[in-house]
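Only one structure is covered here, and it is reproduced in the block below.
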Amino acid sequence: MAEVTLFVIHPNERYCEQIIETLHEYDSSLYVEAIEDLREAPKRVLEEKPAAVIVGVDTASDPALKTIEAISGSGGSDVGIIVVSKQPSQELLVSCMRAGSDEFIEFPVRQEELAKTMNNLFRRKGIAAGGERKVIAVFSAAGGMGVTTVACNLAVGIGHALVGGRSCCIIDMNLQFGAVALALDIRQIRYTLVDAVREQERLDEDLLQTFMTDHPSGISVLPGPLSIADMEEMDPWRLRGVIQTCSETYQYVILDMPHVIDDSSIVGLDEADEIFLICDMVLPSIRNTIRALKTFGELGYEKEKLKFIVNRFYDSDEVSLEEIGEHVDLPLHWLVPYRSEPSITALNSGRPLLECAPKSPVTRSLQALARHTAGMKAYLKPTKKRGLFSRAR
Ligand SMILES: Nc1ncnc2c1ncn2[C@@H]1O[C@H](COP(=O)(O)OP(=O)(O)O)[C@@H](O)[C@H]1O
Ligand SMILES: [Mg+2]
């Protein structure tokens, strides 16, 4: 990530401190400077060209409005201007917009709101966390370990974190028994992956959008084929083209992968920047994961491309994380706890965990994974366990 400089402009030092603290909770790598002299600020902006400024404005006669005007009027159209206000009102919002501000948030600043605002701003400007693009294949070596659960909730979580169109799409890569549409309660499927593959040669961002189904969370969904006969149209080359158009159109492309390694799935695995390799706490799963890892090595995938995730985690007398770590030669990227009831309710009701069980530990872990993946500071990190984690990240 490029180094990003931000200015917080307000005459009150404590006010600046609260905002800087929240900014660092959002992203500790940001370089943030407080400027208490309102008249000096426009000159410093011209000289140092920060990515964005955060300015405190409390009333329509606040002198900070003049500062905003000076910053936006002095060829500083590249600088994002965020207003933070103790007394937000419609009238003040209009005055700030007239002066040239881009975003408006309330003081004291809440991390969630600031994160959304920053991501919007950064994405528009194509910098920092918001500018990153990624294709993520969620894969496990056998069914039942939670690939569809992780993929759907990851996509929805990224959609929540990054508000705005074209932030995230999910493709059901299961050509025979796709489950994404069901998991996201999409009842009327007009188009599927087959349509996109069929039209791949003339597929551009607009045509792709017509094949996508919008999900209320803000993400786009490309369901899997509806019948096994459709599979015959799955030319791997064209499938590759579809994933590439998706990655040009959406910032994050999540692939819900089948549990096989064949011509079609290799396309998804190849195109992925990262493979989230899911495993649970059961011996056959671990054995199959070791086999999959061997195949990934033969396919030439670097270890860095593989993110090892233990799902359905519980304290087991039979299999421990340490033991898994002895056999699966990858650092542990994430740990998702076992919670049967919300997971089943989510799949059965077609409502993502974020919506039907927001407080469950399984949801909190997946939400944190989504935020982490989207380049935002996660609230929840995997619980530290001795041994295995000493090699992590
Ligand atoms: N963290 C979890 N805790 C408890 N049950 C889970 C968890 N993740 C997934 N499950 C359950 O495991 C089963 C398989 O999940 P699914 O996402 O369909 O896996 P896959 O796509 O790998 O076959 C489902 O019944 C699901 O509800
Ligand atoms: Mg599945």
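The values are calculated or read from the model by the stated rules, or taken from the named source; none is laboratory data. This is a predicted model, so every value here is computed, not measured. A quick note on method: Cβ atoms are made from the backbone with ideal geometry, for glycine too, and the neighbour counts reach across all protein chains shown.
Consider the range 253-284. How many of its residues are crowded, with 22+ Cβ neighbours inside 10 Å and within 11 Å of ligand 1 (Cβ to nearest atom)? Adding up the residues that qualify gives 6. Considering each residue of the range 358-366 in turn, none proves to be in contact with a Phe, Trp or Tyr (Cβ under 6 Å, 6 or more places away or on another chain) and assigned by TED's automatic domain parsing to the domain that holds residue 243. Only residues that are on the phi < 0 side of the Ramachandran plot, within 12 Å of ligand 2 (Cβ to nearest atom) and surrounded by fewer than 24 Cβ atoms within 10 Å (Cβ to Cβ) were counted in the range 134-147, giving 2. Among residues of the range 168-194 being charged (D, E, K, R) and surrounded by fewer than 21 Cβ atoms within 10 Å (Cβ to Cβ), the one that is nearest to residue 258 (Cα to Cα) is 185.
Kindly establish whether residue 163 is modelled with pLDDT under 95, more than 25 Å from residue 279 (Cβ to Cβ) and more than 16 Å from ligand 2 (Cβ to nearest atom). Answer is yes for this residue. Scanning the range 209-265 for residues that are touching a residue at least 24 places away in the same chain (Cβ under 8 Å) and part of a strand (DSSP E or B) returns 213, 220, 221, 222, 252, 253, 254, 255, 256.
Any residue at all in the range 56-77 that's surrounded by 14 or more Cβ atoms within 10 Å (Cβ to Cβ), touching a His at 6+ places or on another chain (Cβ under 7 Å) and either modelled with pLDDT of 90 or more or not in a strand (DSSP E or B) (or both)? Checking the range 56-77: at least one residue is surrounded by 14 or more Cβ atoms within 10 Å (Cβ to Cβ), touching a His at 6+ places or on another chain (Cβ under 7 Å) and either modelled with pLDDT of 90 or more or not in a strand (DSSP E or B) (or both).
Across the range 240-256, which residue is farthest from ligand 2 (Cβ to nearest atom) among those that are in contact with a Ser or Thr (Cβ under 6 Å, 6 or more places away or on another chain) and not acidic (Asp, Glu)?
The first filter runs over the range 240-256 and keeps only residues in contact with a Ser or Thr (Cβ under 6 Å, 6 or more places away or on another chain), leaving 251, 253, 256.
With the extra rule that they be not acidic (Asp, Glu), the set shrinks to 251, 253.
Details: 251: 24, 253: 17 Å.
Among them, the one singled out is 251.
Of the residues making up the range 182-190, not a single one is more than 15 Å from ligand 2 (Cβ to nearest atom) and in a helix (DSSP H, G or I).
Residues that are assigned to a loop (DSSP other than H, G, I, E, B) and of a type in the set (Ser, Thr, Tyr) were ranked within the range 138-181; the one that is farthest from ligand 1 (Cβ to nearest atom) is 167. The residue that is surrounded by the fewest Cβ atoms within 10 Å (Cβ to Cβ), counting only those in the range 23-45 that are at pLDDT 90 or above and of a type in the set (Gly, Ala, Ser), is 34. The residue that is surrounded by the most Cβ atoms within 10 Å (Cβ to Cβ), among those in the range 338-350 that are closer than 21 Å to residue 315 by Cβ and more than 6 Å from ligand 1 (Cβ to nearest atom), is 342. For the range 333-357, the set of residues classified as among the acidic types (Asp, Glu) and under 17 Å from residue 186 (Cβ atoms) consists of 355 only.
Does residue 153 satisfy the criteria of being closer than 19 Å to residue 250 by Cβ, modelled with pLDDT under 95 and not charged (D, E, K, R)? No.
Those residues that are without any contact (Cβ under 8 Å) to a residue 24 or more places away in the chain, part of a helix (DSSP H, G or I) and either over 28 Å from residue 217 (Cβ atoms) or basic (Lys, Arg) (or both), I need them from the range 311-364; list them, please. Passing the criteria: 323, 326, 364.
Does at least one position in the range 9-22 carry a residue that is of a type outside the set (S, T, N, Q), part of a strand (DSSP E or B) and crowded, with 21+ Cβ neighbours inside 10 Å?
Here is the first cut: in the range 9-22, the residues of a type outside the set (S, T, N, Q) are 9-11, 13-17, 19-21.
Imposing the further condition that a residue be part of a strand (DSSP E or B) reduces the set to 9.
Among the residues that remain, those that are also crowded, with 21+ Cβ neighbours inside 10 Å are: 9.
So far as the range 9-22 goes, yes, one or more of its residues are of a type outside the set (S, T, N, Q), part of a strand (DSSP E or B) and crowded, with 21+ Cβ neighbours inside 10 Å.
Counting only residues that are away from ligand 1 (no atom under 12 Å from the Cβ), of a type in the set (A, V, I, L, M, F, W, C) and within 27 Å of the chain's Cα centre (by Cα), the range 287-315 holds 6 of them.
Determine, yes or no, whether residue 300 is part of a loop (DSSP other than H, G, I, E, B) and away from ligand 2 (no atom under 16 Å from the Cβ).
Numbers: part of a loop (DSSP other than H, G, I, E, B): yes; away from ligand 2 (no atom under 16 Å from the Cβ): yes.
So residue 300 passes the test.
Here is a check on your reading of the model: is residue 25 among the acidic types (Asp, Glu) and over 30 Å from residue 158 (Cβ atoms)? Here the answer is no, as residue 25 does not meet what is asked.
You will find that of 357, 368, the residue that is within 15 Å of ligand 1 (Cβ to nearest atom), at pLDDT below 90 and buried (at least 16 other Cβ atoms within 10 Å of the Cβ) is 368 and no other.
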